[in-house]
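Remarks on the structure that follows.
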Amino acid sequence: MAEKRSDSAGTKIKKNNAPSVPAGTSAAGTADLPEIPVSRYEEPASVPDTPPAPAVSEPELPQPRRSIAFIGSECYPFVKTGGLGDVMYALPKALTRQNCDVKVILPRYRCIPWKYQEKMVYRGEFRMDLCSDGRSFYVGIMEYVWDGVVYDFIDNEDFFSSGNPYTNLIDDIPKYCFFSKAALAALNYMDWIPDIIHCHDWQAALVPVYLRTLFAGTRVSSAKVMLTIHNLRFQGIYDIPTIKYWSGLPDYLFDYAVLKQGHDDANMFKGGLAYSDMITTVSGTYAGEIQSPFYGEGLDAHLRFHSWKLRGIVNGIDCDLWNPEKDELLASPYGPDDALAKKAENKLALQEQLGLERDEHKFVIGLISRLTDQKGLDLVNFILPELIDGNTQVVVLGTGDVRYENSFRYYENAFRGSVCSSIMYDEERAHRIYGGADALLVPSLFEPCGLTQLIAMHYGTVPIVRETGGLKDTVQPYNEYSNDGNGFTFDRYEAWLLLDAINRAKTLYFTSRDRWNEMVLRDMVKDVSWENSARQYRSLYLELKP
Ligand code: ADP
């Protein structure tokens, strides 16, 4: 019944219902590869058939069909800490509408809500060698199919049992070495070989390295591999012995061209960039910026070297999830036709909920953000007292560095009724701020793409942003002569320039309300959906011919 097979390199697995293989090929498609003695293999697992991919024979769908495996560390609604979670959810959905067959591979963290865990279906299990001393680990696969996308969760309690996806590098390095290797082994195990493997951020950056080294010659190695940089600040850097031990990768990869960095460190993101067939990042401007020392986070030279395969595509937002017309979390949902009246109602409801002075004529500025240095909060802190002039209110929602949490708490106390600081992560409150505020601040030091300005525009809330990364690519500055544009912008990272941009917004709001209202409506109808970006990803997938 059960047969034994060598599937991923260094991974012997056996399972029930294994597909038959042509003569002359080892069961995993690893013809002529030496069989590496490895792990014990546990009880054979039953593998239900993969549910059929959604029917997509409509003539208008672009041809040919492409299959893509997304590999990343978070995905809404299972687990989300930032924009990556939104992208991992929305892009696969948009790609299914572009005639793509998408499977999303994620860690099965214990913190995934039970309502999703209980619907997961067991797809199988095997043992996989990981460490340089041949230590092997259990890999379980749990599956969940939703909205035409198949989600496969890699299960292992040793690695994924903490309350948060990310804890500290000491735990995260082994966790994501395991995850990257297990994701590839799982594709071989399920015998689902995609045209493209699309990995995201440092947590999945060892996938290209494994694919072209330890997995070379296995079936999955026929796939092309793309790595997307959502944020270059986090790279998975640790000392060489630790990464060498946990990844089990051969010595020759710990070289400056691939994984080595500085004197003693290895950098997982760096290795992934070297071994990917294509690198993308989430805006054209950021793709250029990261090749400079200021934004390159130490990898600018490496990125310049690989720039021939680097592209930028801006993110979109999921317009089903973020739809002011059907948003049940808003006090008064609205569309472009009734936005001006209804936004005032939402503002009053927001002021009431947050304990601010109720007055629809106040200019309400929102800030929804991780409270970290990246987000330009030192600038906001510096000028916040200047904003409080009796006509302006500031609403902050975020968690992060203690110094920012405390300073915003301080301002709430100092300016009671005009400033509200919600130091928390709260989706519902975020929707109400997008609906009720007049403007949203995004003064980031760097911003690969940024989603909050896109959501804000879709909700008719005018963004005030710094001209960097995706903020520059998505917010066209207001031009008072031609009366066009989507928001207010400033260029250099200086507090007084931020204050100037806010004052320009306030001036328009208080002195030319009709022009302000036109901008609100322009923003609401601007196309910020995923469809356009999904089309661009699809054409990149087509460029990567097997
Ligand atoms: P980043 O990924 O750098 O954190 P993005 O702008 O790309 O920033 O994405 C942030 C996402 O997280 C948006 O969907 C935003 O609404 C959401 N978000 C950020 N902070 C909070 C919070 N405190 N409560 C609710 N949602 C938040």
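The values are calculated or read from the model by the stated rules, or taken from the named source; none is laboratory data. The model shown is predicted, which means the values in this text are computed figures rather than measured ones. We place every Cβ from the backbone using ideal geometry, glycine too, and count neighbours over all the protein chains shown. Just so you know, the surface numbers come from the protein's heavy atoms only, side chains and all, with ligands and any DNA or RNA stripped out. Shrake-Rupley method; radii C 1.70, N 1.55, O 1.52, S 1.80 Å.
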Report summary line: residue 152: passes all of (1) of a type in the set (Asp, Glu); (2) farther than 30 Å from residue 62 by Cβ; (3) in contact (Cβ under 8 Å) with a residue 24 or more places away in the chain but (2)
Query - Condition met for residue 173 (hydrophobic (A, V, I, L, M, F, W, C), within 24 Å of residue 191 (Cβ to Cβ) and within 24 Å of the chain's Cα centre (by Cα)) - result: no
Query - In region 73-103, residue farthest from the ligand (Cβ to nearest atom) [restricted to those that are among the β-branched types (Val, Ile, Thr) and assigned to a helix (DSSP H, G or I)] - result: 96
Query raised in the report: Only one residue in 166, 189 is buried (at least 24 other Cβ atoms within 10 Å of the Cβ), hydroxyl-bearing (Ser, Thr, Tyr) and more than 20 Å from residue 538 (Cα to Cα). Which one?
Result: 189
**Report entry** Failed item, numbered, when residue 138 is tested on (1) open to solvent by less than 20 Å² (accessible area, probe 1.4 Å); (2) modelled with pLDDT of 95 or more
**Finding:** (1)
**Report entry** Within region 469-484, considering residues that are in contact with a helix residue (DSSP H, G or I) (Cβ under 7 Å, 6 or more places away or on another chain) and more than 12 Å from the ligand (Cβ to nearest atom), the one nearest to residue 281 (Cα to Cα)
**Finding:** 473
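Step by step: first the residues of region 423-438, then only those that are more than 8 Å from the ligand (Cβ to nearest atom), aliphatic (A, V, I, L, M) and assigned to a loop (DSSP other than H, G, I, E, B), then the one that is farthest from residue 353 (Cα to Cα). Which residue is that?
If we take residues in region 423-438 being more than 8 Å from the ligand (Cβ to nearest atom), aliphatic (A, V, I, L, M) and assigned to a loop (DSSP other than H, G, I, E, B), then 423 is farthest from residue 353 (Cα to Cα).
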Query raised in the report: What number goes with the only condition from (1) in contact with a helix residue (DSSP H, G or I) (Cβ under 8 Å, 6 or more places away or on another chain); (2) closer than 19 Å to residue 386 by Cα; (3) open to solvent by 10 Å² or more (accessible area, probe 1.4 Å); (4) of a type in the set (Phe, Trp, Tyr) that residue 488 does not pass?
Result: (3)
**Report entry** region 119-143, residues that are under 15 Å from residue 179 (Cβ atoms), within 27 Å of the chain's Cα centre (by Cα) and outside any strand (DSSP E or B)
**Finding:** 130
Query raised in the report: Mind checking which residues of region 142-163 are among the charged types (D, E, K, R) and crowded, with 17+ Cβ neighbours inside 10 Å?
Result: 143, 152, 155
Requested in this report: Give me a count of the residues in region 371-391 that are within 25 Å of residue 347 (Cα to Cα) and surrounded by fewer than 21 Cβ atoms within 10 Å (Cβ to Cβ).
Outcome: 8
Query raised in the report: Can residue 452 be described as within 13 Å of the ligand (Cβ to nearest atom) and in contact with a Phe, Trp or Tyr (Cβ under 6 Å, 6 or more places away or on another chain)?
Result: no
Requested in this report: Would you confirm whether any residue within region 144-157 is assigned to a helix (DSSP H, G or I) and within 23 Å of residue 243 (Cα to Cα)?
Outcome: yes
Requested in this report: Look at region 329-347 and say how many of its residues are more than 25 Å from the chain's Cα centre (by Cα) and open to solvent by 40 Å² or more (accessible area, probe 1.4 Å).
Outcome: 9
Report task. Go through the residues of region 404-416 one by one and say whether even a single one is away from the ligand (no atom under 16 Å from the Cβ), open to solvent by 40 Å² or more (accessible area, probe 1.4 Å) and touching a strand residue (DSSP E or B) at 6+ places or on another chain (Cβ under 7 Å). Result -> no
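Residues are listed down the side, and each one gets a yes or a no for (1) within 29 Å of the chain's Cα centre (by Cα); (2) modelled with pLDDT under 95; (3) over 30 Å from residue 64 (Cβ atoms); (4) surrounded by 15 or more Cβ atoms within 10 Å (Cβ to Cβ):
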{"position": "493", "(1), (2), (3), (4)": "yes, no, yes, yes"}
{"position": "496", "(1), (2), (3), (4)": "no, no, yes, no"}
{"position": "501", "(1), (2), (3), (4)": "yes, no, yes, yes"}
{"position": "507", "(1), (2), (3), (4)": "no, no, yes, no"}
{"position": "512", "(1), (2), (3), (4)": "no, no, yes, no"}
{"position": "517", "(1), (2), (3), (4)": "no, no, yes, yes"}
{"position": "523", "(1), (2), (3), (4)": "yes, no, yes, yes"}
{"position": "530", "(1), (2), (3), (4)": "yes, yes, no, yes"}
Query - Residues located in region 214-249, provided they are touching a helix residue (DSSP H, G or I) at 6+ places or on another chain (Cβ under 6 Å), part of a loop (DSSP other than H, G, I, E, B) and either surrounded by fewer than 19 Cβ atoms within 10 Å (Cβ to Cβ) or of a type outside the set (Gly, Ala, Ser) (or both) - result: 215, 218, 230, 234, 235
